[in-house]
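See below for the structure under consideration.
The numbers here are math on the coordinates, done by the rules we state, and not lab data. Remember, predicted model here, so these are calculated numbers, not experimental data. Positions of Cβ are backbone-derived with ideal geometry, glycine not excepted, and every protein chain shown enters the neighbour counts.
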Amino acid sequence: MNPRLPFLQQKTAVLTTSPGVYIMKNAQGKIIYIGKAKNLRSRVTGYFRDHPDHTPKTAKMVSQVYDYDFIVTASEYEALILECSLIKQHKPPYNILLKDDKGYHYIRISPPPYSRITAELHANETGTYLGPYMSGFTARQTVDAVNRMFRLPTCSKPFPEAFRKQRPCLNYHIGQCMGVCKGNIPQEVYEEAVADAVRFIRSGGDRTVSELEQRMTAAAERLDFEEAARLRDRIAAIRSAGEKQDIMDAVSADTDIIGTAESNDTTVISVLNYRSGRLYDQNTFVLTGEALSGKPLDEFLPQYYSDKTGKDLPRIILVEELPEETELLCSMLAERAGHAVSVEQPVRGARHRLLQKAKQNAGEKLSIKAGRTGKELLALEELARVLGLEKPPLRIESYDISNLSSSAMVAGMVVFENGRPLKSAYRRFSVKELNQQNDYAAMQEIIRRRFQEYRKAAAEDIPEKNTENAFGILPDLILLDGGKTHVGAIAPVLAEFGLQIPLFGMVKDQKHRTRAIATGGGEISVREKQAAFALLTRIQDEVHRFAVTYMKSRHQKSSYALTLTQVPGIGEKKAQKLLITYKTRAALKAATPEQLAKTAGISADTAQKLFELIRELPDS
């Protein structure tokens, strides 16, 4: 609780209702957050209510506010412009701060003989360098393209030392390398190809093709048909590459396509720039730290475009979710661009596929940082959208009941963290309060016991990161193996503990395959969401396997215990004590009569009879 709250509430009560910008400061006078508002009093009052429904980050920011300033503006549009300017100037820790992943990049042509063309982050080694390029994406794409078009080697073999030492690699056989390693490409022919590649990088495709056509004509006139054919193939490769780019990546106008990926406290935003109908560049931004925005694009878009003008601004911006103030943003961008700018949300077709490409780029960058694959992160994001969750569920708990009639009634709890099974957090339960089959009551008992353990861990102040205490961590999502009736039975149990954890059921079809997600009031189809569907199927299969395995184990032990009670003087409790002590049949068979007598608290004569019975039983 912020001790300055009464002062801040009193100050805010007489705040203007005009549009403007508010500037939160800590006790040292440092600016920690800047925001804009259509109505200053309404927006700022929301931060300082007695019982606000803040996210943890917002609550942390509010706890540090000592005072705030504000600037009244003539319009909300003017407030947007001022907010962007002040954020860039002061870089408050709770605002999204744009830091892209770019450094200076170069294209290196190594010294002859047999020069190589590579993309480099530094210009430290010998050779000729082209650049610097601000975009590593551009440098890498260019190098990949010219090496393919001019059939230059990309392997690590040293030439001419490697001539005829090994068979040519796959690139030679699919026509992407001239096969220098065979030793039959003259050095002057190779260096000419390198020179043409460098000329292509410097002057572009059209000029290079024109020069190559002139050389091809001259070679044909002097009857050097081998040289003419080589140049003809080079021209065809350049034209083919250009045609493929136009066909695959065509968009009708200059367009920016923006995709995001989220995990924990990190958001990655990928911007693909299409100019003149072709993919021109890519920018990636990694947003970390205390930024408050629940919708990162709402804050990202104005900042990203605030210092761009004219030809740097596209005519179309494609996003996965429209910002709250789309019209205001479009007005700001149109004024800077000198032409109309539209922000659009494609839901199908070619433009939607391009948006998915931007999301894939963001996901791959995030996967490197999170130590997860892009598919796993995409599945969590997709699941969050399907279920209407604010954020991807990084920790998922799933439960299933398994029983054999009214005996061996058990439950399994599996945990998936960041899209992967966390087997150290799996837990098994024996149903204790029921003596007849009732899956709903059994699930209620298990969930109640699980969160009683959570309360106990919280009371003992056990750190959440204690991996030995799986019950001390609240999940972001609970999935039950069952339908809406299961969800309806468990929701009141969570309410008993004052928990607002998203709760859903996993519904199977007649072939025991995941079919849909159950809510308290119906079902949500997930089959068309491939990544989320695959994750849900994996979770449902895993929790079912875990619960059934435990049930079979309990049933076998129970049957074995009943066999031991055939010996006079061995009751059910003594049989269970023996099984708990020796755990396996092999261990029990290895025990001596004296050890059995001591463990079960029985006479030597009874122990001898028990020993003889155990020796006659099968090993499994």
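Here region 422-436 is scanned for amide nitrogen atoms under 11 Å from the site 7 Å beyond the Cα of Gln452 along Cα-to-Cβ, giving 432-433. Over the chain, the fraction of Cα-Cα pairs per 20 Å bin, rounded to whole percents and listed from the shortest bin up, is 14, 33, 30, 18, 5, 0. Estimated purely from DSSP H runs of n ≥ 4, each contributing -39500 (n - 2.57), the mean residue ellipticity at 222 nm for the chain is -14500 deg cm²/dmol once divided by its residues.
Here the peptides 426-434, 354-362 are ranked by packing, the mean other Cβ count within 10 Å, and the order with the highest first is 354-362, 426-434.
Projecting label points 7 angstrom from Cα along Cα→Cβ for Ala495 and Val286 puts them 4.5 nm apart.
With θ taken as phi - 60° and the Karplus curve 6.51 cos²θ - 1.76 cosθ + 1.60 applied, the whole-hertz 3J(HN,Hα) list for region 17-22 is 9, 6, x, x, 10, 10 Hz, x standing for glycine and proline. Each of Glu78, Glu335 was scored by other Cβ atoms within 10 Å of its Cβ. Listed from fewest to most, they are Glu335, Glu78. Taking amide H positions as modeled 1.01 Å from N, with prolines and chain starts lacking one, the residues under 5 Å from Ser342 and 5 or more places away or on another chain are Ile316, Ile317. Considering only Ala591, Tyr22, Leu578, the residue lying farthest towards the positive end of the dipole of the chain is Ala591, judged by Cα position with unit charges set on Cβ.
Within the straight-line cut-off of under 12 Å between alpha carbons, the aspartates and glutamates reachable from Lys311 are Asp254, sequence neighbours fewer than 8 places apart in one chain being disregarded.
DSSP assigns beta bridges within the chain; of those with both partners inside it, close to 80 percent run antiparallel. Extension gain, Ser424-Asp307: 0.36 nm per intervening residue step, less the Cα-Cα distance, totals 37.2 nm.
One chain, two ends: Gln360 and His90. Fully extended at 0.36 nm per residue, the span grows by 94.0 nm beyond their Cα-Cα distance. Could you tell me the distance between the Cα centroids of region 138-173 and region 28-51, to the nearest Å? For region 138-173 versus region 28-51, the Cα centre distance is 59 Å. Using a Förster distance of 35 Å, how high is the FRET efficiency between Lys165 and Glu213, based on the Cβ-Cβ distance and rounded to 0.05? Plugging the Cβ-Cβ distance into 1/(1 + (r/R0)^6) gives 0.40. Label separation (Ser110 vs Lys11): 6.3 nm, computed from points 7 Å beyond Cα along the C-beta direction. Summarising the amide proton neighbourhood of Arg515: residues at separation of 5 or more, or on other chains, whose placed amide H is nearer than 5 Å comprise Val507, Lys508, Asp509. For Ala350 and Arg527, the FRET efficiency from 1/(1 + (r/R0)^6), where r spans their Cβ atoms and R0 equals 30 Å, is about 0.80. Remark: region 222-230, residue by residue, has Karplus-estimated 3J(HN,Hα) of 8, 6, 8, 5, 5, 5, 4, 5, 5 Hz, where x stands for each Gly or Pro and the curve is 6.51 cos²θ - 1.76 cosθ + 1.60 at θ = phi - 60°.
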